[in-house]
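Just below is one structure, and these are the notes that go with it.
The values are calculated or read from the model by the stated rules, or taken from the named source; none is laboratory data. Model, not experiment: these values are computed from the prediction. Please note: Cβ atoms are built from the backbone with ideal geometry, for glycine as well, and neighbour counts cover all protein chains shown. In case anyone asks, the SASA skips ligands and DNA or RNA and just uses the protein heavy atoms, side chains included. Shrake-Rupley method; radii C 1.70, N 1.55, O 1.52, S 1.80 Å.
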Amino acid sequence: MKLKKINPDFKQRVIQFELNPDKKQSIILNSLTYASSKLWNVANYEIRNWDKGSGQKYPDWYDQKSRLKN
């Protein structure tokens with residue numbers, strides 16, 4: 001994969017590697033990616049649907065980190 005540079009003075013650093021997980025590692029990676037996508041969706045939903053008139057505190061990153069940890 002080759003990246004095009006928009007600005008020739010801007011330096012980019014890209015690290016690429018190929019994963020070749022065995023069956024057990026593949027199951028673990030799939031579970032982690034699934035869980036992280038669901039966590040992202042919940043946090044994003046809370047922020048997008050927060051209403052100033054609701055009287056609730058804005059769900060900032062620190063608040064969500066403590067509440068959504070489990």
At 1.4 Å probe size, put TRP40, TRP50 in order of accessible surface, largest to smallest.
TRP40, TRP50
Which value in nm describes the separation of the simple spin-label points at TRP61 and ASN49, placed 7 Å from the Cα toward the beta carbon?
2.4 nm
